[in-house]
Amino acid sequence: MGDLFVYNTLVGDKVKFEPVSAGNVGIYVCGPTVYSEVHLGNCRTFVSFDVVVRYLRFLGYNVRYVRNITDAGHLENDSDFGEDKISKKAKLEQLEPMEIVQKYTLNFHSVMSQFNTLPPSIEPTATGHIVEQIEMVKSILENGHAYVENGSVYFDVAKYNSDGNNYGHLSRRDIEEMSAGSRDLQGQQEKRNPVDFALWKNASEEHIMKWPSPWGIGFPGWHLECSAMGAKYLGDHFDIHGGGMDLKFPHHECEIAQCVSAHKKNPVNYWMHTNMLTLNGKRMSKSTGNTLLPEDIFSGENAILNKAFSPMVVRFFMLQAHYRSILDFSSEALSASEKGFNKLMQANLLLQKAIYSKATLDKQLETKVVDLINGCYKHMNDDFNTPLTIATLFELVAIINTLNSTNSFGTLSEKVFNSLQNTMNGFIIDVLGLDSVQINNKNDKSEKLIELMLSLRAEAKNNKDYALSDKIRDDLTKIGVVIKDGKDGTTFTLT
RNA sequence: GGUCUCGUGGCCGAGUGGCUAGGCAGUGGUCUGCAAAACCAUCUACAUCGGUUCGAAUCCGAUCGAGACCUCCA
């Protein structure tokens, strides 16, 4: 099956994956800030890591998947006058902060489940780990890498680097240059150096979410939660930490610094970063308003796309691009994916229903099928290359359709036939997480009703009453039952 | 301004120093009462200009263009 290779941002190259503890994988993914609806760009990241987790499990690893919910602590901007994002929104809508958190956490879970992502093993919240975060700040202070100023605590980047560490390594940045080129932002008087960042922030009177600490009433800095919760649930040295490219700097850089200072060891072996999803060639972002909500895609109620697309089609569309490439979202591209998706799922359905009966072995075909099966593993092992894996599955689809139409699955050995069935199901359903629920969810009664209609239509056809048979076909199509006349009778699919 | 990434056929999107990516769309056929689906065949590529090489879309340089990060953001 070969080794798994992962692109590690820390190294800047694909490297062989070797877990800290054989057979087990600890993975932490930076989750959403729940102060508004999750947008499609966020979803891409979580779908990408869903496939990573699924594939690791498919390979037999015992995976602990931790993905946080940020429900406090993100500053509006890097200044003393910054406000907690969640409390700002709360004032806007006249709600309790935790009400906002609850509302958008539910929204997030609902969208994630529609995208068929597996829930994380642990989904810790920032507000639930204030104690751990305070403890971590204490450790960093004790180790001399932070200073207190007016009830706030800042990380001392220069001191940290002078102790032999390398803040800036992950994002390949030169701190000296950064300090020199830094803009003169308001409210940075407390910091000794512009590149320093807050570990704990003193809270103003009107600030809603705040907690007591050794430095006064305040709230945790924006990068601290992930460091604290990652260490708590995965240990101070674990396998994979992931997130969007935009988190590489400063978020992940700060996380590393905090962990290294507090625990005196490199926290994570493999850093993985997913690329952005663009809309009209521009990055999707809440702050610029260039966003599209998942619900609006599913319902079709939006100004950008010309029709509705199901969550599975959107998921498939995302997986047709590599996670490290920028992906642009458009109606045309989605329509193409929709057709391809249906073709793939349909062929798999045929294959799983096919009955094997031995025939003369086609050695050449058998070799090709085995090569393609191995290709699926090869491509996934190469830094989770889902587009190539899908391309390989389509090559198998062509073979499956041919064998099906000539009723000749028996030209493969039974062993390879079984392996083909397992591979198609395994990669499509288990690894890529493409749910065929839309095709399979016909309940008994409606299925029988449809079959009744089909038999009436067959009768009409026998009587050469094509007006009636076409009416039945057209009307069924309208309600989402697509009819296909084959040699051995008529089949249907639900759309 | 600094750092970095990318520029592939009608569209999306892989890949890579020499061997068909794949999907969608198009064209011609097979099948069908007609469709749809499926199958077979087939047409469009590697931003521009130089260089390295037996050979480059793939390596190097320049140019043009696009984007990301440098400020909360997946």
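The values are calculated or read from the model by the stated rules, or taken from the named source; none is laboratory data. All values derive from a computational prediction rather than experimental measurement. When we count neighbours, we look across all protein chains shown, and the Cβ atoms used for this are built from the backbone with ideal geometry, even at glycine. Protein only, heavy atoms only, side chains kept; ligands, DNA and RNA dropped before computing areas. Shrake-Rupley method; radii C 1.70, N 1.55, O 1.52, S 1.80 Å.
The figures follow:
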quantity	calculated
Long-range HN-HN contacts of residue A:69 with modeled amide H, under 5 Å	A:125, A:126
Test item: Cα-centred dipole of region A:329-401, Lys/Arg +1 and Asp/Glu -1 on Cβ, debye	340 debye
Rounded if a/c under 1.5, otherwise prolate or oblate - region A:442-494, Cα gyration tensor axes	prolate
Derived scalar couplings ³J(HN,Hα) [region A:268-273; Karplus, 6.51 cos²θ - 1.76 cosθ + 1.60; whole Hz; x for Gly, Pro]	9, 7, 10, 9, 10, 10
Long-range HN-HN contacts of residue A:63 with modeled amide H, under 5 Å	A:25
Dipole of chain A [Lys/Arg +1, Asp/Glu -1 at C-beta], most positive-end residue of A:491, A:347, A:462	A:462
Amide proton proximity set for residue A:285, modelled H, under 5 Å, gap of 5+	A:290, A:291
Spatial separation of Cα centroids for region A:10-44 and region A:354-430, in angstrom	30 Å
Accessible area per residue, Å², chain A with all protein chains present, probe 1.4 Å	45 Å²
Region A:269-341 shape via C-alpha gyration tensor axes, a/c threshold 1.5	oblate
Solvent-accessible surface (1.4 angstrom probe) belonging to residue A:473, in square angstrom, nearest 10	80 Å²
Relative packing of peptides A:326-337, A:445-456 - highest average C-beta neighbours within 10 Å first	A:326-337, A:445-456
Dipole of region A:5-274, positive direction: furthest Cα of A:15, A:101, A:215, with charges on the beta-carbon	A:15
Total charge dipole magnitude, chain A, about the Cα centre, Cβ charges on Lys, Arg, Asp, Glu only, Debye to nearest 20	1580 debye
Residue-by-residue Karplus 3J(HN,Hα) for region A:365-382, coefficients 6.51, -1.76, 1.60, Hz, glycine and proline x	5, 4, 4, 5, 4, 4, 4, 5, 4, 4, x, 4, 5, 4, 6, 5, 5, 8
Calculated over chain A: convex hull of Cα atoms, volume per residue (Å³)	167 Å³
Carbon + sulfur, % of accessible area of region A:5-274 - ligands and nucleic acids excluded, 1.4 Å	49 percent
Positive dipole terminus of region A:357-495, leading residue within A:480, A:422, A:392 (C-beta point charges)	A:480
Estimated FRET transfer efficiency (residue A:398, residue A:418; beta-carbon r; R0 25 Å; 0.05)	0.80
Region A:5-274 shape via C-alpha gyration tensor axes, a/c threshold 1.5	oblate
